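One structure below.
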Amino acid sequence: MNGVSELCHEDGDIIHKDLLDAVDDCFDYDLTENPIEYTLSSDPIIPLSNVVYRLVRGKDKYENTEEPLEFTRKEFAERYAGKLKLSVSNDEKEKVISNTVSNLLEIGEDIGIFSKSSTKLDRSDYRVMYQGSADAKTAEDAVSEKYVLEASKKQSKMNAFNLVKDEFDSDQKGLDEFS
């Protein structure tokens, strides 16, 4: 064999510790090609966590910016569109992506993963907000945690409303006897 050879793990379990160490650093998941990660009908948590991961990882690893947790709306839209499967004309695609990005950014603000007011750089529109280390995996996990927490709060409110509504409706049925 001439030149440098590289040992990489492609599939299956790695059992031997020395082999695990040898192939652990050769994966760069950003360079893998999986062109479709989500569609328009995907639950918002899927594109949100995916885009947040790629934003934080890309800014930290490749762009080496001073604030890797800050981003513009355009950066978010580009990363979102890069993994979206959508079969429409380009004009229609831009319109759909713009509307979906607006919705995702609003959801991100509602659950507390994005903040407009906490940006440190003037050129940034949003900042990714979470506790823990400033790595991409922690940011991705924070999206899931915040999304699930917000969903459970909404579900609790709906359950409380339905309980009160059912009690009110049952009380009102008793009034029909007097008319």
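In the condition set (1) under 19 Å from Thr138 (Cα atoms); (2) part of a helix (DSSP H, G or I); (3) modelled with pLDDT under 90; (4) not polar (S, T, N, Q), Tyr53 is compliant with all but (3).
Once the stretch 118-163 is narrowed to residues that are of a type in the set (A, V, I, L, M, F, W, C) and touching a Leu at 6+ places or on another chain (Cβ under 6 Å), the residue that is surrounded by the most Cβ atoms within 10 Å (Cβ to Cβ) is Val143. When Phe114 is tested against the conditions (1) in contact (Cβ under 8 Å) with a residue 40 or more places away in the chain; (2) surrounded by 13 or more Cβ atoms within 10 Å (Cβ to Cβ), the lone failure is (1).
For the stretch 63-81, the tally of residues that are farther than 16 Å from Thr119 by Cα and either touching a residue at least 24 places away in the same chain (Cβ under 8 Å) or in contact with a Gly (Cβ under 6 Å, 6 or more places away or on another chain) (or both) stands at 3.
The residue of the stretch 88-117 that is nearest to Tyr147 (Cα to Cα), among those that are touching a Lys or Arg at 6+ places or on another chain (Cβ under 9 Å) and polar (S, T, N, Q), is Ser115.
Does Ala142 satisfy being modelled with pLDDT of 90 or more and of a type in the set (Gly, Ala, Ser)? So Ala142 fits the description; yes.
The values are calculated or read from the model by the stated rules, or taken from the named source; none is laboratory data. Note that the structure is predicted; figures quoted are calculated from it, not measured. When we count neighbours, we look across all protein chains shown, and the Cβ atoms used for this are built from the backbone with ideal geometry, even at glycine.
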